[in-house]
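Novice: Encoded as structure tokens, here's the structure I'll be asking about.
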Number of protein chains: 2
Amino acid sequence: MKVSREQVALNRQRIVETAARLFREKGYDGIGVADLMKSAGLTHGGFYGHFDSKEDLLAEATAHALKKSVERWEGYAAKGGDAALTTIGGNYLSAEHRDHPELGCSVTTLGADISRLGAKARHALTEGACGQMAVLEKLMPGEDAADKRKQALATYAAMVGAIMLARAVDDEALSLEILQAVRQSLADPLG
Amino acid sequence: MKVSREQVALNRQRIVETAARLFREKGYDGIGVADLMKSAGLTHGGFYGHFDSKEDLLAEATAHALKKSVERWEGYAAKGGDAALTTIGGNYLSAEHRDHPELGCSVTTLGADISRLGAKARHALTEGACGQMAVLEKLMPGEDAADKRKQALATYAAMVGAIMLARAVDDEALSLEILQAVRQSLADPLG
DNA sequence: ATTATCTATAGATCTATAGATAATGC
DNA sequence: ATTATCTATAGATCTATAGATAATGC
């Protein structure tokens, strides 16, 4: 049952990607190691050859998902200025993002779980959030660096909160209204 | 082992209050019915005389916690205008609130869990969030009602996101910076 | 007599580990 | 020979229920 080194690396990567999807979809406690491994096409017992614990996998999966997200944001940021900010905000604050937590920002889906978990997962989230905030910071209008920084943090918080709220409320109209309100505050920071 | 009707009502209330605290502290999956009942001074089996399921208790606990929060906000709102907004924002966006999730806003602690759960819990959260947003709406500066509404939703999203982020990141300076950035954007909406 | 709570347990999970198996890679 | 994955299981949970117990309230 041994497989090639290449296959081992592929299997490990597949576990991380499967976990990144399933943890975001179901929450950290919503998916077990056995089901997760099954989704990755492997058996339960094989897991502990790759990772020390379920929590370690969460940290890697979170790092992986957020790294991809930051790369995407950096791609949009290449446009520069208002267009980039509108693109990032439009994608993030969309019904599409709201309806696909399994592919979306890990901070919104796993932030509360991770704040109760260990150092590794919290560090992965912190690195990812810092990456996203750094992209926003460069795109903020204005001259003063401290102002841009503050605006970036406040904007990021609003984006994260909006997606979480939009997913939690049971009123579709309100959900869309929240997304739109933050999208608009982003395009038009002067209220 | 039967108790008086009065005591039954007290026991039920005690379960709800204990649950409101423990669910916020540990997350929905982080505390079991048996431990929860133990915390409330009762035994496991007695639970199902009071509630149909753990999820029903979550809905009641969330409704209870958010109702209290809305009442507190309405108290601050009696001051009116900027002072009220500053008080609400100052309390919400504090290290104290960040460090005491068990007493804090249920949306930040349970929003992600509840978005994956049933109709009752989502409705309780929605009612609570609407109550908080309604308070903010009245306090927003400006004349245009639609603008005030949008500002209230965007502000609320930023507050919720800020607390979740402030709890999740592993960097105390960054955590405080996020809280301060949103507090400032609240006091000074023109950036 | 009714019933709120108790003890005890069913049945289904969960994470993690032990030891067997079989294919890679020296 | 080494080792990645497999099957099987330990031991600890979890939600929910069944039936016993004992105090209330008719």
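Novice: Can you tell me which residue is farthest from DNA strand D (Cβ to nearest atom) among those in region A:1-18 that are surrounded by fewer than 13 Cβ atoms within 10 Å (Cβ to Cβ), among the charged types (D, E, K, R) and assigned to a helix (DSSP H, G or I)?
Specialist: The qualifying residue farthest from DNA strand D (Cβ to nearest atom) is A:GLU6.
Novice: How many residues does region B:62-113 contain that are in a loop (DSSP other than H, G, I, E, B) and at pLDDT 95 or above?
Specialist: Just the residues of region B:62-113 that are in a loop (DSSP other than H, G, I, E, B), to begin with: B:78-80, B:93-94, B:100, B:104-105.
Right, trim to at pLDDT 95 or above and you get B:93-94, B:100, B:104-105.
Looking only at that region, the number is 5.
Novice: Take the residues of region B:136-158 that are more than 7 Å from chain A (Cβ to nearest Cβ) and closer than 20 Å to B:SER94 by Cα: which is nearest to the chain's Cα centre (by Cα)?
Specialist: Per the criteria, the residue is B:TYR156.
Novice: Quick one: in region B:159-191, of everything that is without any contact (Cβ under 8 Å) to a residue 40 or more places away in the chain and of a type in the set (Gly, Ala, Ser), which residue is farthest from the other protein chains (Cβ to nearest Cβ)?
Specialist: By that ranking, first place goes to B:ALA173.
Novice: Can you find a residue that is surrounded by 18 or more Cβ atoms within 10 Å (Cβ to Cβ) and either at pLDDT below 95 or under 20 Å from A:VAL160 (Cα atoms) (or both) anywhere in region A:34-46?
Specialist: Scanning region A:34-46, I find no residue that is surrounded by 18 or more Cβ atoms within 10 Å (Cβ to Cβ) and either at pLDDT below 95 or under 20 Å from A:VAL160 (Cα atoms) (or both), so the answer is no.
Novice: Of the conditions (1) surrounded by fewer than 20 Cβ atoms within 10 Å (Cβ to Cβ); (2) more than 12 Å from DNA strand D (Cβ to nearest atom); (3) away from chain B (no Cβ under 14 Å); (4) not in a loop (DSSP other than H, G, I, E, B), A:GLU55 fails just one. Which one is it?
Specialist: Going through the list (1) surrounded by fewer than 20 Cβ atoms within 10 Å (Cβ to Cβ); (2) more than 12 Å from DNA strand D (Cβ to nearest atom); (3) away from chain B (no Cβ under 14 Å); (4) not in a loop (DSSP other than H, G, I, E, B), A:GLU55 breaks only (3).
Novice: Determine, yes or no, whether A:LEU66 is under 13 Å from the mean Cα position of the chain (by Cα), within 14 Å of chain B (Cβ to nearest Cβ), under 25 Å from A:THR126 (Cα atoms) and away from DNA strand C (no atom under 13 Å from the Cβ). Full working, then the answer.
Specialist: Details: under 13 Å from the mean Cα position of the chain (by Cα): yes; within 14 Å of chain B (Cβ to nearest Cβ): yes; under 25 Å from A:THR126 (Cα atoms): yes; away from DNA strand C (no atom under 13 Å from the Cβ): yes.
The answer is yes for A:LEU66.
Novice: Here is a follow-up. With respect to B:GLY32, is the statement that it is more than 10 Å from DNA strand D (Cβ to nearest atom), within 26 Å of B:VAL107 (Cα to Cα), within 14 Å of chain A (Cβ to nearest Cβ) and not hydroxyl-bearing (Ser, Thr, Tyr) true?
Specialist: On the way: more than 10 Å from DNA strand D (Cβ to nearest atom): no; within 26 Å of B:VAL107 (Cα to Cα): yes; within 14 Å of chain A (Cβ to nearest Cβ): yes; not hydroxyl-bearing (Ser, Thr, Tyr): yes.
Here the answer is no, as B:GLY32 does not meet what is asked.
The values are calculated or read from the model by the stated rules, or taken from the named source; none is laboratory data. Since the structure is predicted, the reported quantities are computational estimates derived from the model, not experimental observations. Don't worry about glycine lacking a Cβ; one is built from the backbone with ideal geometry, like all the others, and counts go over all protein chains shown.
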